1. Around ARG52, what is the net charge, scoring Lys/Arg as +1 and Asp/Glu as -1 over all other residues with Cβ under 14 Å from its Cβ?
2. Which order do the peptides 172-181, 52-61 come out in when sorted by mean C-beta neighbours inside 10 angstrom, highest first?
3. Before I look further, what does the chain give for accessible area per residue, probe 1.4 Å, in whole square angstrom?
4. Rounded to whole Hz and in sequence order, give me ³J(HN,Hα) for the stretch 189-194 from the Karplus expression 6.51 cos²θ - 1.76 cosθ + 1.60, θ = phi - 60°, writing x for Gly and Pro.
5. If you add up the charges near ILE68, with Lys and Arg at +1 and Asp and Glu at -1, over every other residue whose beta carbon is less than 14 angstrom from its beta carbon, what do you get?
6. Keeping all protein chains in the complex and leaving out DNA, RNA and ligands, what accessible area do you get for SER157 with a 1.4 Å probe, in Å² to the nearest 10?
7. Can you order the peptides 210-218, 194-202 by their average number of other Cβ atoms within 10 Å per residue, highest first?
8. Extension gain ASP119-GLU224, at 0.36 nm per residue separation less the Cα-Cα distance, in nm?
Amino acid sequence: MTYAIISDIHANLEALQTALEIIDEQHIDEIICLGDIVGYGASPNECVELVRSHCPIVVLGNHDAAAIEPALANGFNVIARKAIQWTAAQLTDSNRAFLSSLPLTVRKEDILFVHASPDRPGEWSYIVDPADAREVIGYFDERLCFIGHTHIPGIFSRLGRVKTVDRFDQYLVNVGSVGQPRDGNPMLAFGIFDAAAWEYCLIRSNYDIETASGKIYAAGLPEELGIRLMCGM
Ligand code: ZN
């Protein structure tokens, strides 16, 4: 099986459409979504609908959870909270029901899929550096765990940050963010994993950032959310 693993779309329709076009040109068997479909961007319903029609496996992200239960956004910063309130008001009943149905984790073919962290998936902790990764690698039995949440792509083993995965160790792979990259590179990011060859690669691509940020301004969402797309922060 070959998987495309997308995460942190954050209601950025232009980025999601471009990612799906790239995926369509590859030989991908299954698209897996690691959550945070909504929050920040201006197209929550369109993005949820595309994920529903393209992704047989979807796990819950913290912004998805907060969009259906706004009290969960109390710990968010002001801008994220405003965006969640706006998002909650936009979501259709059907899309809200879909988000409510999502699991925190899915296991398949010796791979664990989770939005934030495999040790306490509902607490949304951040795995940023090799020390964070080392702490949680013991919490899963699978050989691979795919995560998102920080919006920063990277691969970790117990030894630290590494360049690739192999069959001989356990790895934690952050696929980055489709809709709001934060590694200083504004290009959308997602991962492709070939389970037969046990090979992973990170995909980066330009997309129509101007349209995505223009929609954020037009929706009356905080301006910072449009500006940050331009610089990938
Ligand atoms: Zn996110």
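The values are calculated or read from the model by the stated rules, or taken from the named source; none is laboratory data. What you are looking at is a predicted structure, and each value in this text was computed from that prediction instead of being measured. Every residue, glycine among them, receives a Cβ derived from its backbone with ideal geometry; neighbour counts consider all protein chains shown. Ligands, DNA and RNA are stripped out before the accessible areas are found, and what is left, the full protein with its side chains, is counted by its heavy atoms. Shrake-Rupley method; radii C 1.70, N 1.55, O 1.52, S 1.80 Å.
1. Values: positive: ARG96; negative: GLU46, GLU49, ASP64, ASP93.
Charge balance near ARG52 sits at -3.
2. On the way: 172-181: 27.0, 52-61: 19.2.
Top of the packing list down: 172-181, 52-61.
3. Values: 9720 Å² over 233 residues.
Per-residue value: 42 Å².
4. Whole-Hz 3J(HN,Hα) from phi for the stretch 189-194: 9, 7, x, 10, 10, 9.
5. On the way: positive: ARG96; negative: ASP36, ASP64, GLU69, ASP93.
It works out to a net charge of -3.
6. About 0 Å², rounded to the nearest 10.
7. Details: 210-218: 17.0, 194-202: 13.7.
Ranking, from highest mean packing down: 210-218, 194-202.
8. Numbers: separation 105, 0.36 × 105 = 37.80 nm, distance 3.22 nm.
So the extension gain works out to 34.6 nm.
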